[in-house]
Ligand code: AMP
């Protein structure tokens, strides 16, 4: 693998990206940068979002432009205002040690400022199509000296109805120029644009067409329609550190789900087309800076969202098109990270999962909506992490310490810890005591279909879980390594904190158990057992979900910990704004 220097990036850009922290080029950069630097041909790159595309075209572009030429030399078109601003910010960072003037031109913001920037000698313009046309018509921008046009997320631009605008913009540019087009998918309309406006483009496919990113785990949960919302909350509750985008089908759904989540004490907000540009900006800026933990969005509003570190994309409803699924799920697992795309479906929708699997060439895992035990366990782990990470206010607490110590002097360390932790944990357990199992029992359904394997497999307990660093796929790999049973023969994996369950073919059960004899993982003896967690598998971890729905109903109010805790926000990166209400996260 080559370094950025070996790819041909110059010293000043190298210094800038080193400051940003780019060490190794991503695959799309590896392939695109040397090609684009040669500047021999137009370029058509099929690459997912979040793969480092911006630098893949941005770095060569900066090398190829002339700082001393004070005219518009490069135009980058992007589908959304957010992406447009992001690209211009990235360009500012990449060119920190150069001398370029960059203007971002997009709708919903003051035109005067943008006009000033253009007239001030902008050499690079990043733009959304609508506003650019406006400015061309007002004769503020002259594209006659353009040498490079980049069409970023071209398929998204077409989806958003910008085809005519793009064609019009291109008609204002000189014939002698390079066009670089990036797209996550290759619909016929893109091919048509390529045929019409590009000359003999060099085509590069990074990842397969229409394929979802490799490092995304796809999970689906089968629930009754009436339990959709409660299931969403369980998923959120079982992942206390989640940083998620929830996709809804309509603006109304997005608004309603967000309102309900807020009412239920979650740190959530909505993003959809009925909000003003100002409101959307505000929501996005809170999400970007992680003041907001859960963004509930429609497909259109979420296009081009390029926030790193999104841990989960949750699809409250499946999209109508499989291609939208790839776009949605691509909002996680950016920049080489991994992520989870979780889908809630009812029984009638299970067939769609298979269609999407085929389309994106990825496998979905049937997952169980977390039950009481799992939620409590995860919240407990979060509490322990909080205790470990808490900043002690030495001065503030000092005067109380002697009497506190005195009161607690009789307790042994272990007992003390148990009691402290129980204060919170009992509350979790109490709340979830009667929480119903929200999973549809497809094994006993006449439409079993997708769940058949799961029902057929033998359930095996193993005393390793997420606390040991396992997730669904690494557990499958590990089980395969030890037992020789292929990862994809394991129909279902449930990862818990300190243990997991695997569903394996019944006839292979003896072999599986046998193969773990004497197995040690990171110094710990590995135990496997058929069936449920053996008693004593850790703190009463037998499954308790589905304990009936006696007493109060959890449907409307599935909130375990609507607490008065004021400090429980792991995602707050800076001081809370005055209006920022204290939330449960
Ligand atoms: P993009 O696909 O351009 O939106 O990039 C996705 C994310 O990856 C952005 O946060 C970039 O800053 C980051 N990124 C791009 N290239 C690299 C690299 N070579 N090393 C580390 N991070 C990168």
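Laboratory data are not the source of any read-out in this text; all were calculated from the coordinates shown. The model shown is predicted, which means the values in this text are computed figures rather than measured ones. Here the Cβ positions follow ideal geometry from the backbone for every residue, glycine too, while neighbour counts run over all protein chains shown.
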Separation of the residue 398 and residue 276 label points, Cα + 7 Å toward Cβ, nm: 5.1 nm
Per-peptide average of other Cβ atoms within 10 Å, ordering 235-241, 61-67, 261-267 highest first: 235-241, 261-267, 61-67
Helix-only [θ]222 nm of the chain, DSSP H runs n ≥ 4, -39500 (n - 2.57) each, per residue, nearest 500: -11500 deg cm²/dmol
Cβ crowding within 10 Å averaged over residues, with 53-60, 18-25, 283-290 ranked highest first: 53-60, 283-290, 18-25
Cβ-based exposure ranking for 139, 508, 113, in which fewest neighbours within 10 Å come first: 139, 113, 508
Degrees between helix 81-94 axis and first principal axis of the chain (Cα, 0 to 90, nearest 10): 80 degrees
Peptides 44-50, 474-480 ordered by average Cβ neighbours within 10 Å, highest first: 44-50, 474-480
Rg/Rg_ref, the chain, where Rg_ref = 2.2 N^0.38 Å and atoms are Cα: 1.08
Cβ-Cβ FRET estimate between residue 405 and residue 241, R0 fixed at 45 Å, reported to 0.05: 0.90
The stretch 25-67 residues near the modelled residue 6 label - backbone nitrogen below 14 Å, point 7 Å along Cα→Cβ: 25-27, 30-31, 34
Sequence of 413, 352 once ranked by neighbouring C-beta atoms within 10 Å, starting from the fewest: 413, 352
Span from the the stretch 151-172 Cα centroid across to the the stretch 473-527 one, whole angstrom: 50 Å
Segment residue 506-residue 416, extension gain: residue separation times 0.36 nm, minus the distance between their alpha carbons: 27.9 nm
Cβ-derived FRET efficiency at R0 25 Å, residue 115 paired with residue 196, nearest 0.05: 0.25
Average Cα contact separation per residue, the chain, under 8 Å, 6 or more apart, as relative contact order %: 13 percent
Cα convex hull volume per residue for the stretch 373-432 (Å³): 99 Å³
Mean separation of Cα contacts under 8 Å, 6 or more apart, over the residue count of the stretch 318-372: relative contact order %: 35 percent
Length-normalised contact order of the stretch 11-205 in % [C-alpha pairs under 8 Å, at least 6 apart]: 30 percent
Folded to 0 to 90 degrees: helix 251-263 orientation relative to the chain principal axis, Cα: 40 degrees
Using alpha-carbon coordinates, inclination of helix 372-389 to the longest axis of the chain, degrees: 70 degrees
For 219, 172, order by how many other beta-carbon atoms lie within 10 Å, fewest first: 172, 219
Full-stretch length increase - residue 224, residue 20 - with 0.36 nm per residue and alpha-carbon distance subtracted: 68.8 nm
Area projected by the alpha carbon convex hull of the stretch 11-205, averaged over all directions, nm²: 10.0 nm²
